[in-house]
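Participant: Sending over a structure as structure tokens; questions will come in a sec.
The values are calculated or read from the model by the stated rules, or taken from the named source; none is laboratory data. As the structure is a computational prediction, the values presented were derived from the model and not from experiment. Positions of Cβ are generated from backbone atoms using ideal geometry, with glycine treated the same way; all protein chains shown enter the neighbour counts. Just so you know, the surface numbers come from the protein's heavy atoms only, side chains and all, with ligands and any DNA or RNA stripped out. Shrake-Rupley method; radii C 1.70, N 1.55, O 1.52, S 1.80 Å.
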Amino acid sequence: MARKMLIAGNWKMNGLLADGAALAKGVAEEVKKMGKPQCEFLVCPPFTLLTTIKKALRGSKVALGAQDCHIAEKGAHTGDISPVMLKDCGCQYVILGHSERRADHGESSELVNAKAQAAYGQGLKAIICVGETLAERDAGKALDVCTRQILDSVPESATWQNTVIAYEPVWAIGTGKVPTTKDVEEVHAAIRKTLAKKLGKGNANRMRILYGGSVKPNNAKELLGLEDVDGALIGGASLKVEDFINIAKNSGAC
Ligand code: 13P
């Protein structure tokens, strides 16, 4: 069963009202020029821009996502945003368990699992992130770490429709370093095998596994052409219309 490639931009803590809207409009225009692209597009701006970007994307094929959510629907959780609120802003996706949240906010895989279930409760699709640190890779533990994170972070109720996995080696994020294609293939294959054990082969074969970490127009073809790579989660290069679109174009799958 063919999986539809997902080209997703994680804007992280970047963008103000004016430049965020311009970026989203630029992406929407370029996607429109592509006619009927074979891949899906998604942008995940910071919370403050969600409603503005929703308007900027009106009528376009580009989906909207957020970068985190709380497990509760509402209540006394100062500074947090619930999946109900994300739905209300027009989000279809939410990134969960990004390594920056795991590191900066001490998020555990168990919490990520609970957040994913809360997201499903509102009909949001979860993009669940996993990935090893450099020390873990150097110690030969990359596969073990990613497998463990998948087992603990992905809920039993995950399906290929409500979940996307993103493999993002921590040491490749924002560094310009990328793993070898052999290493990416090996981790993606291991993730799919683990998903099959946990969710059944039907789900595992159709669930998209994105690669993230220094994806640029010049390495998109090589990375996105790999067997088990079903798209990209793009940080820095998603902040420039041209780079983001050229990653999709160069992937050969859009
Ligand atoms: P960069 O593309 O900037 O390396 O970031 C990747 C990432 O963390 C996307 O979630």
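Participant: In square angstrom, rounded to the nearest 10, how much accessible surface does His105 have for a 1.4 Å probe?
Facilitator: For His105, solvent-accessible area is about 110 Å².
Participant: Here's a follow-up. Please work out the average accessible area per residue across the stretch 93-183, using the 1.4 Å probe convention, and give it in Å².
Facilitator: Result: 41 Å² of accessible area for each residue.
Participant: Would you tell me the accessible area of Tyr120, worked out with a 1.4 angstrom probe on the heavy atoms of the protein chains, in Å² to the nearest 10?
Facilitator: 40 Å²
Participant: Semi-axes, largest first, in whole Å: what does sqrt of 5 times each Cα gyration tensor eigenvalue give for the stretch 56-131?
Facilitator: Computed over the stretch 56-131, the values are 21, 15, 11 Å.
Participant: Do me a favour and compute the ellipsoid semi-axes for the stretch 1-125 from its Cα gyration tensor, root of five times each eigenvalue, largest one first, whole Å.
Facilitator: 25, 17, 13
Participant: Determine the calculated [θ] at 222 nm for the chain from helices alone, applying -39500 (n - 2.57) to every DSSP H run no shorter than 4 residues and normalising by the residue count; nearest 500 deg cm²/dmol.
Facilitator: -12000 deg cm²/dmol
Participant: Additional query: Determine the alpha carbon to alpha carbon distance for each of Lys25/Lys61; Lys125/Lys221; Lys115/Lys177; Lys25/Lys240; Lys32/Lys61 and list only those over 18 Å.
Facilitator: Lys125/Lys221; Lys115/Lys177
Participant: Output the lone cysteines of the chain: those with no second cysteine's C-beta under 4.7 Å from their C-beta.
Facilitator: Cys44, Cys69, Cys89, Cys91, Cys129, Cys146
Participant: Using the reciprocal of the averaged 1/r over all distinct C-alpha pairs, how large is the Kirkwood radius of the chain in Å?
Facilitator: When all Cα pairs of the chain are included, the Kirkwood radius is 18.0 Å.
Participant: Please work out the Cα convex hull volume for the stretch 180-254 and give it in Å³ per residue.
Facilitator: So the per-residue hull volume is 83 Å³.
Participant: Taking a cut-off of 18 Å between Cα atoms, list the aspartates and glutamates near Lys55, but don't count ones fewer than 8 places away on the same chain.
Facilitator: Within the straight-line limit of under 18 Å, Lys55 reaches these aspartates and glutamates: Asp19, Glu29, Glu30, Asp88.
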